[in-house]
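The values are calculated or read from the model by the stated rules, or taken from the named source; none is laboratory data. Bear in mind the structure is a predicted one, so any value in this text is a computation, not a measurement. Positions of Cβ are generated from backbone atoms using ideal geometry, with glycine treated the same way; all protein chains shown enter the neighbour counts.
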Amino acid sequence: MQSIKTFTPNLSKDFRIGILKKLNKLEVFGRQTHFIKGRWENQYLEPYHVPEVKDVFLCASGFAKTMIDQSVIVPHQGLGISFDEFWFNIAKPGESTGWHDHKNNATLSGVYYLDVPKNSGDIKFREKNKEAYNECSLPSKTGKMILFDSKLDHSVSINKSQSSRISLSFNLFTLPLEMSIESQHYSSQKFF
């Protein structure tokens with residue numbers, strides 16, 4: 001699938017550990033915000049709680065420009081926008097994420113892996129091809145970033161480790177930013 005690209009941004013191990021420490025201090029583990037397909041998912045925080053996310057978004061935006069040859073941003077309150085297009089995923093042992101896609105107005109979506117224990121699940125993608133799906137799987141790896149078309153179905157396999165898998169997910173939008181109020185909200189109907 002050509003609409004998926006991976007890279008390792010120039011962000012250090014200490015950088016990732018700093019984010020994880022802030023998440024721990026904020027006590028976000030165990031209080032996700034969306035109950036989808038039998039489990040709580042996603043932790044939304046405003047960027048002032050974890051300002052390091054802006055460095056992740058800068059890396060993602062630069063890499064995205066090489067993919068689509070357009071300037072993009074991850075909307076967030078730190079830019080004076082009234083909503084945030086990023087969230088943390090904390091998948092505990094035994095948890096997985098079902099098939100879904102992202103917002104229609106987003107151009108690309110991304111994931112940056114903060115802490116991926118061995119056997120904690122890989123990201124899977126699929127595209128409909130006539131009557132069947134073409135599927136591929138990419139290994140989740142600490143420090144890696146994946147960017148992909150926001151309309152591409154994706155899921156995450158079961159976490160078979162003894163620790164949580166922690167990642168930062170986000171949506172990228174082309175400039176000028178065009179968003180309708182309806183596009184700011186997610187629907188659990190998109191998960192299947």
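Look at I146 and say whether it is in a loop (DSSP other than H, G, I, E, B) and at pLDDT 90 or above.
no
For the range 54-63, state whether one or more residues are out of contact with any Phe, Trp or Tyr (no Cβ under 8 Å at 6 or more places or on another chain), more than 21 Å from L23 (Cβ to Cβ) and surrounded by 15 or more Cβ atoms within 10 Å (Cβ to Cβ).
yes
Say we look at the range 89-109 and pick out the residues that are assigned to a strand (DSSP E or B) and among the polar types (S, T, N, Q); which of these is modelled with the lowest pLDDT?
Selected residue: T97.
For residues in the range 23-43 being closer than 30 Å to F63 by Cα, under 18 Å from the mean Cα position of the chain (by Cα) and not in a loop (DSSP other than H, G, I, E, B), which is modelled with the lowest pLDDT?
Residue satisfying both the conditions and the ranking: H34.
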